[in-house]
Amino acid sequence: MKAKKIGVNTICTHVGEVEDTQFKGAISPLFMASSYAYEDVDMKRYPRYFNTPNQEALCKKVAMLEHSQAGLIFGSGMAAVSTVLLAFLKKGDHVVVQKTIYGGAYNFMVEEFPKYGIEFSFTEGFSEADFISKIKENTKVVYVETPSNPLMLITDLEMISRIAKPRGIITMIDNTFASPINQTPADFGIDIMLHSATKYMSGHSDICAGAVAGSEEHIERIWNVAKNLGGSLSDYTVWLLERSMKTMVLRVKAHNKNAKKMAKWLNKHPMVADVFYPGLKSHPSYELAKKQMKGYTGMLSFELLPDIDANSFMKSLKLIKQSMSLAGVESTILSPARTSHVLLSTKERAHQGITDGLLRFSVGIEETSDLIADMEQAFETVLKKQLV
Ligand SMILES: *Cc1c(COP(=O)(O)O)cnc(C)c1O
């Protein structure tokens, strides 16, 4: 089956199934064995070799969704990120990294790269000039994340591959926020797609996993390092992730729709100063998002008016939970200033556009009328509190 020939819902539901030859069940059986035969077999299988039947099957689904030849499943998003970076970088190499990336990936680079003699530079912004100015003789990788957290700024993927390809630089994207349903970076020439499958791929806030997609050659290079680093995922969780991914298109479309509605509603609200959602015409990256995304995700952020206590607003919410992670079917909200960006100084946060009144909203699949009602009552509660 070729990627273009079958629909994305069919890929999610069927591609890479493990056939139940014994009982003819309708779903993939789960093979939990951690020990397999080694004589007269096609392949020596072992969970940490990333090649058990369930792992192999799910890799096919990930690869096809990302319009790529091959894929690998990892024990977490960070296992994927760290393994992939170490597979392509060695002592004396340099990597250009987009200004705002996931905090864990940032920490990995800043804390671990110096130990391995790997050099890195963060860009000042998101433009072509920002990236080109950081490229050096020894640059081997350009690493981006789009949409970025929490302001949902977009990096031009076609531009990234255009500047990297002629220089022989490998391009990597953390595609977690978009999911392969909203964005397939391989179509724009990006080499390697990374995912925290903990987010939209699993979608129910009950799995921690990672995924990678790319060419067969690149995935083999990653596998050679992956088996040494050992970041594979338990087959039980692989099986659960396959189950989750069957409904990924349905979920992501519902998230997209709800987030757009909520973004529009928040944009008109008198107590909201600004809304950051790439599906809004007022967003600085709207045109770019339209060019390279099929949907604008369930993630948005908004800024309350400076005289409204953001913490008190969040505490007053009843349906929308305050929670660290994102992309579950339930709506969650957090304050970047108090969580992901807490270690930065107030000045540095302001420089990145992260005020104390900025809230990141992971819009779930509930009825938007209920989400709006919850926000309305929270705004009223805060107003009443602030008046007395
Ligand atoms: C959560 C997340 C990660 C890290 O994934 P884990 O599964 O927590 O290791 C990486 N990138 C982005 C954008 C994320 O949101």
Where trypsin sites (Lys or Arg not before Pro) fall in DSSP loop in the stretch 115-205, at most 14 other Cβ within 10 Å: LYS136
Most fluctuating of SER196, SER127, SER179 in the GNM of the chain (C-alpha, under 10 Å) is SER127
At VAL41 and TYR106, where each label point lies 7 Å from the Cα along Cα→Cβ, what is the point-to-point distance in nanometres? 4.4 nm
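Taking only C-alpha pairs under 8 Å that are 6+ residues apart, what is the relative contact order of the chain in percent?
Relative contact order, the chain: 16 percent.
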Quick one, could you list the DSSP H helices from the chain stretching 27 Å or more along their long axis (Cα atoms) with average Kyte-Doolittle hydropathy of 1.0 or above? none
Which three extents, in angstrom, do the Cα atoms of the stretch 8-149 have along their principal axes, listed largest first? 59, 36, 24
Spin-label pair ILE135/SER234, simplified geometry with 7 Å Cα→Cβ offset, distance in nm: 4.4 nm
Looking at the stretch 164-298, I'd like the Rg to Rh ratio, where Rg is from alpha-carbon atoms and Rh is Kirkwood's inverse mean 1/r. 1.03
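Which of the GluC sites (Glu not before Pro) found in the stretch 1-110 are loop residues per DSSP with 13 or fewer other Cβ atoms within 10 Å of their Cβ? If you can, show how the numbers build up before the last one.
On the way: sites: GLU17, GLU19, GLU39, GLU56, GLU66; in loops: GLU17, GLU19, GLU39, GLU66.
Passing both the DSSP loop test and the Cβ count: GLU19, GLU39.
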Fraction in percent of alpha-carbon pairs per bin - 10 Å, the chain: 5, 23, 31, 24, 12, 4, 1, 0
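Based on the alpha carbons, how large is the Rg to Rh ratio for the stretch 114-197 when Rh follows Kirkwood? Intermediate values should be presented prior to the final figure.
Working: Rg = 12.8 Å, Rh = 13.4 Å.
For the stretch 114-197, the value is 0.95.
In the calculated pair distance distribution of the stretch 73-147, what percentage of Cα-Cα distances lie above 21 Å?
Numbers: 634 of 2775 pairs.
Here the tail beyond 21 Å accounts for 23 percent of pairs.
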Taking every pair of distinct Cα atoms and averaging 1/r, then inverting, what Kirkwood hydrodynamic radius in Å comes out for the stretch 333-388? 13.2 Å
Kirkwood Rh over alpha-carbon pairs of the stretch 154-205, then Stokes-Einstein at 20 °C and 1.002 mPa s: what D in µm² s⁻¹, rounded to an integer? 184 µm²/s
Antiparallel DSSP beta bridges within the chain, percent to nearest 5: 55 percent
So what's the net charge close to ALA378: Lys and Arg +1, Asp and Glu -1, counting the other residues with Cβ under 9 Å from its Cβ? -1
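Using a probe of 1.4 angstrom, how much of the accessible area of the chain is carbon and sulfur, in percent? The partial results should precede the final answer.
Working: 9450 of 17400 Å².
After summing per-atom areas, the C and S share lands at 54 percent.
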Quick check: from the Cα gyration tensor, does the stretch 248-387 come out rounded (a/c under 1.5), prolate or oblate? oblate
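Please express the shape of the stretch 207-273 as an equivalent ellipsoid: the semi-axes are the square roots of 5 times the eigenvalues of the C-alpha gyration tensor, given largest first in whole angstrom. Write out the running numbers ahead of the final one.
Numbers: eigenvalues 281, 50, 30 Å².
Semi-axes, largest first: 38, 16, 12 Å.
The values are calculated or read from the model by the stated rules, or taken from the named source; none is laboratory data. Everything quoted here is computed from the prediction, not taken from an experiment. Don't worry about glycine lacking a Cβ; one is built from the backbone with ideal geometry, like all the others, and counts go over all protein chains shown. The area values use the complete protein model at the heavy-atom level, side chains included, leaving out ligands, DNA and RNA. Shrake-Rupley method; radii C 1.70, N 1.55, O 1.52, S 1.80 Å.
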